[in-house]
Amino acid sequence: MNLQFPSLADRVQSTFIDAIFLLLLSFGITEILDKFAAVPDWIRIVLFFGLWALYEPICTTTGGTIGNRIKGIRVRQQSYPSLKPNIFQSFIRYIFKVAFGWLSFGTMHFNKERRAIHDFASGSVMIKLGD
């Protein structure tokens, strides 16, 4: 299998698209909750953090985030690039991605598969879909 790996620009753009999507979704949920009388703050907090904590791992496991789909890139298992990562790998990947932030992308230029720190930690690789 001849794999192509996305550039840093593709991955950053995908992350930016996902952040915009999550912000819009958060505002939408806030607007919906504002229609109801006296929604407890704890419900708002759980929904906000739940949305941000679950979006990427679940989307990664099921095929890709909105940003991944728009940019034509996907997360796959490094040892079996035809397989999507499982939910455990997806959560590990997301935890490392959040913990290291933009620094996680620093390793991309030092390996042929352009893997970031969070890819190494979870055993994943990003691939670019054929044009």
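Numerical summary
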{"quantity": "Any hit, segment 12-21, residues being more than 24 Å from Gly106 (Cα to Cα) and modelled with pLDDT of 95 or more", "calculated": "yes"}
{"quantity": "Gln4, sole failed condition from (1) touching a helix residue (DSSP H, G or I) at 6+ places or on another chain (Cβ under 9 Å); (2) under 16 Å from Val125 (Cβ atoms)", "calculated": "(1)"}
{"quantity": "Sole exception among (1) closer than 20 Å to Asp10 by Cα; (2) surrounded by fewer than 16 Cβ atoms within 10 Å (Cβ to Cβ) for Phe88, by number", "calculated": "(1)"}
{"quantity": "Only listed residue being farther than 30 Å from Gln77 by Cα and either of a type in the set (A, V, I, L, M, F, W, C) or surrounded by 14 or more Cβ atoms within 10 Å (Cβ to Cβ) (or both), chosen from Ile58, Ile45, Ile66", "calculated": "Ile45"}
{"quantity": "Residue in segment 95-111 that is basic (Lys, Arg), at pLDDT 95 or above, open to solvent by less than 40 Å² (accessible area, probe 1.4 Å) and touching a strand residue (DSSP E or B) at 6+ places or on another chain (Cβ under 9 Å) present", "calculated": "no"}
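The values are calculated or read from the model by the stated rules, or taken from the named source; none is laboratory data. Here the structure is a predicted model, which means the values were calculated and not measured. Note that each Cβ is placed from the backbone with ideal geometry, even for glycine, and that neighbours are counted across all protein chains shown. Ligands, DNA and RNA are stripped out before the accessible areas are found, and what is left, the full protein with its side chains, is counted by its heavy atoms. Shrake-Rupley method; radii C 1.70, N 1.55, O 1.52, S 1.80 Å.
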